[in-house]
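A quick write-up on the structure given underneath.
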Amino acid sequence: MAATLCAKFLPKQGWIPLVQSVRHGSKAVTRHRKPVHFLKQKLLAVTQYIPPPRGIPRGAYPNENTKATEDHPFILLLKKSLKNTLEDNKMVAVVQNNSCNAEDMLNLKFRLHKHGITVKFFPNKVMRSFMTDSIYCNLLPLIIGPNCLLVSKEPKAKEMLMTLRAFPQLVLLGACIDKKIMSAQGLLSYSKLPSLTVVQGELVSGLMMLTSQTASMLQRHPAHLSALLQQYLEQQSSKNNAEDPPKAEQAA
């Protein structure tokens, strides 16, 4: 029995079992995770990527720009005043105010008032909102920073430029005269033109000179013809007088 068990369980010579139990010793854990330094933790927390919030899909909410917003009553009053100012005056000039003190501004108003020119102040927001849909839309690039308007019922560009020469802190940017936009150089050229009365006088004198020349040319030919006919009659009468005496002697 023992021999049978030994022959059954003991491995034979040259025979390898299918499953072998191998005993391993305990492994020493040497790679422990070291604690992160406190400053490094703060740096990682600060530099941690935070993804942007998910955007709201288009059309989920109504557009804020499409909401009808009513202006303040004071803004509406300023717009109405600006509209009346631009419609009632033929000359509107935009001037940049570079730190002009109250005394110089009062002196400027006094000098311009002598020529019928008025200084007007309006907020840039009001002027830009009104000029956007008007004929003065080309003046929008000039409405930047502290500005003021010089307006007059008659175009008096020469008087305005002469007055502004004494105030270097006021720079002329452009103007609108008789619904025509002009730059500063164009306004200077416009001021050198003669006045309307002088031009009308020159036109009337030119027309009268042309009419007088036309009348003299029309009268020249009949007068010349009448002079020739008068000369011919005189010649004929002189010939007849010269021939009359010989005939009288023959009759005697």
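The values are calculated or read from the model by the stated rules, or taken from the named source; none is laboratory data. Because the structure is a prediction, the values reported are computed rather than measured. Here the Cβ positions follow ideal geometry from the backbone for every residue, glycine too, while neighbour counts run over all protein chains shown. In case anyone asks, the SASA skips ligands and DNA or RNA and just uses the protein heavy atoms, side chains included. Shrake-Rupley method; radii C 1.70, N 1.55, O 1.52, S 1.80 Å.
Key figures
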item	result
Residue check for Val95: in contact with a Cys (Cβ under 7 Å, 6 or more places away or on another chain), in contact (Cβ under 8 Å) with a residue 40 or more places away in the chain and not acidic (Asp, Glu)	yes
Scan of the stretch 128-163 for residues that are closer than 20 Å to Gln185 by Cα, open to solvent by 70 Å² or more (accessible area, probe 1.4 Å) and not hydrophobic (A, V, I, L, M, F, W, C), ordered by number	Asn138, Pro141, Glu154, Lys158
Residue within the stretch 56-67 that is of a type in the set (Ser, Thr, Tyr), more than 30 Å from Pro146 (Cα to Cα) and at pLDDT 85 or above present	no
In the stretch 91-127, the residues that are over 18 Å from Leu77 (Cβ atoms), among the charged types (D, E, K, R) and open to solvent by 60 Å² or more (accessible area, probe 1.4 Å)	Glu103, Lys109, Arg111, Lys114
Cβ pairs under 6 Å, 6+ apart, first in the stretch 148-173 and more than 11 Å from Asn89 (Cα to Cα) and of a type outside the set (A, V, I, L, M), second open to solvent by 10 Å² or more (accessible area, probe 1.4 Å) and part of a strand (DSSP E or B)	Cys148/Asn97; Cys148/Val119
Per-region count, the stretch 101-115, residues more than 14 Å from Met162 (Cβ to Cβ) and either in contact (Cβ under 8 Å) with a residue 24 or more places away in the chain or not hydrophobic (A, V, I, L, M, F, W, C) (or both)	6
